[in-house]
Amino acid sequence: MNNQVTQRVREISEHLADAFWSGSRPVDALVKERANKFDQIIIELWEAANWPEKSSENVALFAVGGYGRGELHPHSDLDLLILVSDKAEEYAPQIEFFIQQLWNLKVNIGHSVRSLSDVHEDSNTDITIATSLLERRQLSGPLKFDRIIGGLFASDEIWPNAKFYKAKRDEQEHRHQRQKDTEYNLEPNIKSAPGGLRDIQTINWIMKRFLGTARPTDLVRRNVLTEKESQLLESGRRFLWKIRFGLHLLSGRGEDRLLFDYQRELAEKFTYVDNEGQLAVEQFMHDYYRVVLELREINDLLLQYFDEAILRAHYTPEIEPINDSFQIRDSYIQVRKQNLFEKRPAALMEMFVIMANRRDIAGVRASTIRLVKDSLHLIDDNFRANPEVNSLFIQLLKAPYTLVSQLTRMRRYGILGRYIKEFGHIVGQMQHDLFHIYTVDAHTMMVIRNMRIFKYRASQEKFPIAWHCVKNVAKIELLYIAGLFHDIGKGRGGDHSVLGAADAVKFCKLHALSQEDTDLVEWLVQAHLLMSATAQRQDIHDPEVILKFARLVKTEARLDYLYALTVADINATNPTLWNSWRATLMRLLYIETRKSLRRGLEDSVDREAYIDQIVMETLERLKGQGISERRAREIWEDPDPEFFLQHSAVQIAAITEAIEHRTKEDQVGNNALVLVRDVAGQVSEEGATEIFLYAQDSPSLFTLTVLAMDALELSIFAAYLHTSHTNMCFNTYIVLDKEGKPLGTNSYRHREARDVLKRYISNPDATSDLLKHRSHKIIPRRLKQFRIPTEAILHSDEKQGHSVLRVTTSDRPGLLAHIGLIFLELDIRVRNAKITTLGEKVEDVFYITGSDHLPITDSAHATELTSAICSQLDAEAMS
């Protein structure tokens, strides 16, 4: 019998999978059919257990949980309750036989054996057990058991309405907190995330407990749901069921996480197709986020309804009139007349302005939210062009409190996407990468939230310059408008900065902003990536780079706006992007640009004079340490002028002093001098660790260094490499640990870094040991899902004396070490490097020469280098 039943289970699964992928039957029918088919099998196994005659009145079998609702996805648990009227030991052989037969089915089984007294006691103390009993479905045994359990709920003997509601509400809040209270996770759990299937079930449980029914038609008839909400709830549930059914089939298990690889497969199987603006997977996830946003809104509405109907049923509300249009009822704002919005559409905007100017309003009453949603058709071209509405929106941006909360409400209720039509296109829009971890609309809200945070003194320690900038800007609302529009052009194809700037200009003109203000907002949106790109990808120690950037910025006022927008944007894109080194770079770029703006932009930069100034400052410091100018210049041995551009006088003096006083041991052979020091920022959130190497140059020096740092789990963010005429290297690496922080006061880590680097650099044969360590590196699952074809572009500049190699590829552990090995293999010398990691994407720039210390001008050699980098890195990414 076991083999026959197992074969039946296999045939059922294959039949339903074929029907699902072919689209021949709706998912509702498949979920119900699977439950029905398993009913038959389980009842057969139950009856085959050779029960004694008296068991027919004393033992019953119930399906509970999702199976109790008659819903069964491919790998959902079959939850069963075996209920006995008295001692279960009498039926132990039959129960044991039955359970063994269940396990032989090779499906996920959940079972419990309880007596009636157990049911009463356990369900009274455990909300999970009580909930499962609420959606029980009897498969076998006397009906009296079902009536007894039903009687417990009917009499409020267990979990009366108020207690049940509070427990389910708290349960949901805790679940949402575990999901970071957002429906916009990159890899959402379609069951547990806000707006997911569990939210729908929570509402159904409360309705069934309170009203005795969860059928949508009954709820519409009782005015608990509107017809539209009922339709959205049902269509949303079907959409999530479809995803879940597909997830279970693809993963071969009860997987509810919509992981990246499944996102792509499901998008393809659900017939989404790439277009100019969005990938197929982005369109699929766009639909997902829109659905869960709607479901979360309905969930919130119904919970507020039950809060009033259950918890406040016998409570006299406190009502405070605000004006002729609105009043506060128990801390929630509501309209005073049902036809308010129809009579005066501008009140749709006024409501949010009122809330943003008061601290005592907790939210919008459910009945008013429904009225808002039913009035969305009023937001048309006339509404958008209404001077009163335009003035109210600008007042909202200037309001003292809860701006982001009000904009978020407007986004969720559908108002913001209708008022600013372009914003409506980005609601729920995701970018399929690891760099942008939020949808575009959620990211936009976080950008404005960050701008608001910068206003508060508490942010001064972590974001001192952003705090200063926001405090100095003349019109904070212009910064918010730039934040609203900076990414609004995404998903349309083309340059989103240019598209967004054009949209911002139309908005500014519609809202009667001056030409000066309009020009500022347009420039901010169009240039919102300029400052981060300059800080991360260019040598901001070079005064010519600073002058070029300053000429684009033009004024200190625009610099303040741009810095605040940039830092808010970076921190709202991905929390890992804002590390102490990026903060240091941004501060340096801001300060040097401000100096340049104050000096004036007409004169060109005298690099030689700038370098001479640094040299003189350094010599003055060294004089106080007993090192003469002559001795200092002997130590430097006329290194590359870039060395003086890329280090401060303080750094150069410390390096020179360390070289002068190095031990005799360090002066023998190729024993390297290694200095490990923290480069402190203005605040604790800034800075990095600087590792300086003074050693005899060799073809393997760069490779050994990056391999050793890889073994030390240090990430390199910049490398400044200089070689004197006597072949001595002055190499500086800027690093952070795996937490994105400097080594700080950890003396052990400082000593470890120094010892490991000295040991391996002094022993060129150590490469094999380091390679052994590197071979154990595992590419994380998420990075594997975003393989970016490697691109290597080589440009040679004979005037500059080096070639520039740009490498774009997928991030992975030990990437820089692998590139270093390729350089060693092809006899390439590295003079400088800029390391940039953006999510799963790496954009590194290397300034290199051949073994002759000249640019690589031979086309065959250049092709060999770029081909080796592309082929080897792509092969590693595929492994």
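The values are calculated or read from the model by the stated rules, or taken from the named source; none is laboratory data. These numbers were taken from a predicted model, which means no experiment stands behind them. Because the Cβ atoms are built from the backbone with ideal geometry, glycine has one as well, and the counts that use them run over all protein chains shown. Surface areas here come from the heavy atoms of the whole protein model, side chains and all, with no ligands, DNA or RNA. Shrake-Rupley method; radii C 1.70, N 1.55, O 1.52, S 1.80 Å.
The table for this structure:
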read-out	value
Qualifying residue in the range 506-516 (condition: within 18 Å of T573 (Cα to Cα) and open to solvent by less than 10 Å² (accessible area, probe 1.4 Å))	no
Scope the range 638-653; condition closer than 23 Å to T726 by Cβ and either without any contact (Cβ under 8 Å) to a residue 24 or more places away in the chain or open to solvent by 50 Å² or more (accessible area, probe 1.4 Å) (or both); matching residues	D638, P641
Filter result for V107 (among the hydrophobic types (A, V, I, L, M, F, W, C) and within 36 Å of the chain's Cα centre (by Cα))	yes
Filter pass, A833 being within 24 Å of S724 (Cα to Cα), modelled with pLDDT under 85 and of a type in the set (A, V, I, L, M)	yes
Residue, nearest to N386 (Cα to Cα), within the range 343-355, restricted to residues that are assigned to a loop (DSSP other than H, G, I, E, B) and open to solvent by 10 Å² or more (accessible area, probe 1.4 Å)	P345
Failed condition for D170, given (1) part of a strand (DSSP E or B); (2) closer than 20 Å to L197 by Cβ	(1)
Hits in the range 283-313 (condition: open to solvent by 10 Å² or more (accessible area, probe 1.4 Å) and of a type in the set (D, E))	D287, E294, D300, D307, E308
Any chance T837 is of a type in the set (V, I, T) and surrounded by fewer than 22 Cβ atoms within 10 Å (Cβ to Cβ)	yes
Matching option when the condition is crowded, with 19+ Cβ neighbours inside 10 Å, touching a Phe, Trp or Tyr at 6+ places or on another chain (Cβ under 8 Å) and at pLDDT 90 or above, among P194, P188	P188
Residue within the range 93-113 that is aromatic (F, W, Y) and in contact (Cβ under 8 Å) with a residue 24 or more places away in the chain present	yes
Unmet requirement for F485, which otherwise passes all of (1) within 21 Å of Q395 (Cβ to Cβ); (2) in contact (Cβ under 8 Å) with a residue 40 or more places away in the chain; (3) open to solvent by 10 Å² or more (accessible area, probe 1.4 Å)	(3)
Test set (1) over 29 Å from E308 (Cα atoms); (2) touching a helix residue (DSSP H, G or I) at 6+ places or on another chain (Cβ under 6 Å) - I190 fails condition number	(1)
Filter result for I822 (in a strand (DSSP E or B), in contact with a helix residue (DSSP H, G or I) (Cβ under 9 Å, 6 or more places away or on another chain) and under 29 Å from F730 (Cβ atoms))	no
Qualifying residue in the range 26-33 (condition: within 42 Å of the chain's Cα centre (by Cα) and either over 27 Å from K191 (Cβ atoms) or hydroxyl-bearing (S, T, Y) (or both))	no
Among (1) in a loop (DSSP other than H, G, I, E, B); (2) under 38 Å from the mean Cα position of the chain (by Cα) - the single one T857 does not satisfy	(2)
Helices (runs of 4 or more DSSP H) contained in the range 45-145 and holding at least 3 residues not polar (S, T, N, Q)	65-68, 92-104, 116-125, 127-134
The range 208-223, residues that are in contact (Cβ under 8 Å) with a residue 40 or more places away in the chain and open to solvent by less than 30 Å² (accessible area, probe 1.4 Å)	R209
Whichever residue in the range 224-282 is assigned to a loop (DSSP other than H, G, I, E, B) and small (G, A, S) and, among such residues, is least open to solvent (accessible area, probe 1.4 Å)	G277
Options T808, T863: the member that is over 33 Å from the mean Cα position of the chain (by Cα), among the hydroxyl-bearing types (S, T, Y), open to solvent by 20 Å² or more (accessible area, probe 1.4 Å) and at pLDDT 90 or above	T863
Leading residue by the ranking (farthest from R582 (Cα to Cα)) among those in the range 517-531 that are open to solvent by less than 20 Å² (accessible area, probe 1.4 Å) and within 30 Å of the chain's Cα centre (by Cα)	V521
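Matching residues to (1) open to solvent by 10 Å² or more (accessible area, probe 1.4 Å); (2) out of contact with any strand residue (DSSP E or B) (no Cβ under 8 Å at 6 or more places or on another chain):
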{"site": "R677", "(1), (2)": "yes, no"}
{"site": "A688", "(1), (2)": "no, no"}
{"site": "I691", "(1), (2)": "no, no"}
{"site": "D710", "(1), (2)": "yes, yes"}
{"site": "T723", "(1), (2)": "yes, no"}
